[in-house]
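The values are calculated or read from the model by the stated rules, or taken from the named source; none is laboratory data. Please read these numbers as outputs of a predicted model, since none were measured by experiment. Cβ: placed from backbone, ideal geometry, glycine included. Neighbour counts: every protein chain shown. We work out accessible area using only protein heavy atoms, side chains counted, and drop any ligands, DNA or RNA first. Shrake-Rupley method; radii C 1.70, N 1.55, O 1.52, S 1.80 Å.
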Amino acid sequence: MSRVVSSNNLPGNNLHGNNLSRNNNVFKINGSGIRIITNLLLSLCLSHPLAIWGEVRIEKSFTLIGTHKYPDSFTHFAYTNPNAPKGGVLRLARTGSFDTLNPFNGKGTTPDYLYHTHGSLMTRSADEPHTLYPFLAEAIEYPHDFSWVAFHINPAAKFSDNHPVTSKDVVFTFELFKREGSPFLKNLYKDVARVEKTSPHRVVFYLDKPGKKQLALLGYLRVLPHHYWQTRNFQGRHLNSPVTSGPLKVKHVKIGQNITFERVRDYWAVNLPSQRGRYNFDEIRVDYYRDPQAVIEGFRAGLYDVHQETDTQKWHQSFSFPAVKEGRVLKKDIEMLYTAGMSALAFNLRRDKFKNPALRQALIMAFDFEWINRTLLNSDFQRTTSFFYNSPLSATGLPTEEELKLLEPFQEQLPSELFKQAVILPVSDGSGKNRENVRKALALFKRAGYRLENGRMIDTASGKPLTLSLLTEDPKQERLLLSYRKSLADLGITLNIKTLDKSLFRKRVRESDFEMVDWYFWQSTYPGNELYHMWSSKVVMEKQSGNIVGIKNPVIDHLLAEATNADSYEKLIPIVRAMDRVLMWGHYVIPKWHTQKTHLAYWHHLGHPPQDHLYWLDLSNWWYKPDKNP
C-alpha cells in the first residue's frame, strides 16, 4: 500500500542543527533526531491508509505499469514454497569458461550464479515483470514528478561478513559504478546527477531526467561493501571470494573449470517475503566443459542434476535413456512468458562491405528458416520478426497514427516500404530449394554491386570474390548454420563459421573484431537507457560498446531521445514500435528463431514449485529431497 507524505523540504530532509527547534515555520533537526523522525514517518506511512501530505510517496513496492500483484502483507511469492527444506547440493554443468568474479567492470567472463551473491535494493518477482519488492531496502520514497528517489535501507540488512549494509555502502557502490563500472552500467545511470546519504539508512538519488524507469533501474542497484572494496583495485578480476550482500557466497573456485557457491548461514533475509522459500540448497556447484556432448553424458551418468536442452533434435531423440524410462529422470516442457528479444546473425557495419543495405538484404533473403526449422528444429520454433517479440512494444501490421507522427519527418531517410508494408521476412516452402528467394537475392546482389561469374560472387568494383566470416560461441548453432553456409555457397559466396570459447568470443565482440556474429539482443519488458547503449551512434566507437552492429542512424538516435524522455509506458509504446520498424527495415541482422518453451530434464531427488508461465527460470526456488537418492 502506498502512502503520500510530507514535504516542502528537499529530499535530503533539509534538516540542520543539533536540537529540534522552530524557525520560520520549518523544523530543524540533526543527529539521532533524524533517524527517530525518519522511522516515525516510515512506520506511519507503511501502516496507515493513504494520506496526502506534500505529494511524496513512501511505498514498500514500486510498479512501473498498473498495480502490483502482491499486497504489502504478502508472505512469499506464489511460485515459491515457503516450507521448502534447506540442505543438499545442486550440481550443474555449463559449456565454456570464466575468468573473473567481478561482474561489474565489463572485463572478462563471469560464471553462472555470480549475480546471486550480490543483493539489490529491491527485487522483482518472476511472475510479474514490472514491479519491485523490498530486499536490501524496506521502502522506496519519491515525489510525484519522479525528480528524485530515496531508498530506506532495512536496518537488519547485513553483508556476508555480518557488517551492516548502510547508505554509505549504497553511495560508494553507485559512485564506483559511475566512475569505474562497465560501459553498460555507466550508461544505465547516466541520468542520475548525484547521490546523497541523508542518514545511515536513507539514501537519495537526484535525477537529471526524471522518470519512473530510472527509479526502477536504481532499485536494481546491487550493493557492494565499502569496507571491503575501498582498498582494492576494482579493475581487477578478483579471483578470490569477495564479501557480498546476497544470499550466496563463493566457497571455492578454480578459474575456468568450476565454482562452488554456499548458502549464507543465518542469512538476515531468509524470512523476508521476497526471499522466503528461495536459495534452499546448502551448496551450488557449477562445472565448466568445452564439449557440450560431455555435459549431456555427465547428466545421463548422474554427475549433474539439471539439464536445459536447447537443441530440439537432441531433446526428442536423445532423452529416452533408462533413467528417464524408470522415472528417475523427469522431463518437462515449460511455457515461459519472457520477451523473446532477437536472436540473430548480426552484421558489423564498421566493415565497409556491410554498409551497403542491398547486400545485407540479399544475405537475409538467402537464409532459409523454414527448411532449418522443419529439418533440424523439429518444427518447434517461430521466426523472430521483431526485436521486442512477445511484448506490446513489437511493431506489427502497418504503422499506427502515433508511429507515423514520429517517422514521417524522416521520410526521405527511411525506405518507402516502411510506411506501406508490415515488417516481413522472406518465407520459403521448406523444401530446401528456395528458388524464388534465391532469384530475389541475386537481384539484390546485383543492385549491391556484385555479379555471379564462374560460380563465384564477385565484387564488380574490386574484382574480388565475396567471402564472409561468422563467429559463434555455441557448437550447436554452428551445426544449424551449416545449411546457411551451403545456401551461400550455391550463390558463389564463401562463409567461414568459427566457434570460439565464451571468453574469447566475448572479447572479440567487445573489440568489434568480427564481420558477422551469432548474437542475442536481450530486451526488457520496459526498456530505457539500455536501448541507448545498444543502438546509439554516440557509443559506436566506445570500447566495449553495446552497439555491436555499429549503427549510426539519425532516426534511431531521435527515437532513442524520445524513448528516454517518455514518462509513461503508454507514451513509450509507439516510440519503441517505430524504432523496431526502423531496425527491421534497416536489415541490420539476419533474424533467427525463438520458442517460449524451455526443455528441462532433472533427477528425481529435486523438488520444485510450479514453473509454467514465469518470466524466467530460477533454480534457486528448487530444493533437495532428503528421502530420494541422487
For residue 398, state whether it is assigned to a loop (DSSP other than H, G, I, E, B), without any contact (Cβ under 8 Å) to a residue 40 or more places away in the chain and farther than 14 Å from residue 590 by Cα. yes
Just give me the residues in region 332-356 being of a type in the set (Lys, Arg) and closer than 26 Å to residue 382 by Cα, in sequence order. 332
Across region 190-203, which residue is most open to solvent (accessible area, probe 1.4 Å) among those that are of a type outside the set (Lys, Arg) and free of Cβ contacts under 8 Å to residues at least 60 places away in the same chain? 193
Mind telling me which of the residues 281, 261, 299 ends up being open to solvent by less than 60 Å² (accessible area, probe 1.4 Å) and part of a helix (DSSP H, G or I)? 299
If you scan region 405-422, which residues turn out to be surrounded by 11 or more Cβ atoms within 10 Å (Cβ to Cβ) and acidic (Asp, Glu)? 408, 417
Long-range neighbours under 6 Å by Cβ, at least six apart or interchain, first residue farther than 10 Å from residue 389 by Cβ within region 339-353, second among the acidic types (Asp, Glu) and not in a strand (DSSP E or B): 348/515; 351/515
When you check residue 209 against the structure, is it of a type in the set (Lys, Arg), modelled with pLDDT of 90 or more and open to solvent by 20 Å² or more (accessible area, probe 1.4 Å), yes or no? no
Anything in region 382-395 that is open to solvent by less than 70 Å² (accessible area, probe 1.4 Å) and assigned to a loop (DSSP other than H, G, I, E, B)? List them, or say none. 384, 385, 386, 387, 388, 389, 391, 392, 393, 394, 395
Quick one: in region 82-106, which of the residues that are open to solvent by less than 50 Å² (accessible area, probe 1.4 Å) and among the hydroxyl-bearing types (Ser, Thr, Tyr) is farthest from residue 546 (Cα to Cα)? 97
Filtering strands (runs of 3 or more DSSP E) wholly in region 435-495 for at least 3 residues that are aromatic (Phe, Trp, Tyr) and loosely packed, with under 14 Cβ neighbours inside 10 Å gives none
Of the conditions (1) more than 30 Å from residue 613 (Cβ to Cβ); (2) under 35 Å from the mean Cα position of the chain (by Cα); (3) in a loop (DSSP other than H, G, I, E, B), the single one that residue 379 does not satisfy is (1)
Could you grab me the full set of residues in region 308-339 that are open to solvent by less than 20 Å² (accessible area, probe 1.4 Å) and closer than 16 Å to residue 605 by Cβ? 323, 329
Is there any pair linking a residue in region 484-503 that is under 18 Å from residue 368 (Cβ atoms) to one that is acidic (Asp, Glu) and in a helix (DSSP H, G or I), with Cβ under 6 Å and at least six apart or on different chains, and which? 497/478
List the residue pairs whose Cβ atoms are under 8 Å apart, where the first residue sits in region 518-533 and is more than 20 Å from residue 616 (Cα to Cα) and modelled with pLDDT under 85, the second is open to solvent by 20 Å² or more (accessible area, probe 1.4 Å) and in a loop (DSSP other than H, G, I, E, B), and the two are 6 or more positions apart or on different chains. 529/190
Is there a residue in region 136-158 that is closer than 30 Å to residue 96 by Cβ and open to solvent by less than 20 Å² (accessible area, probe 1.4 Å)? no
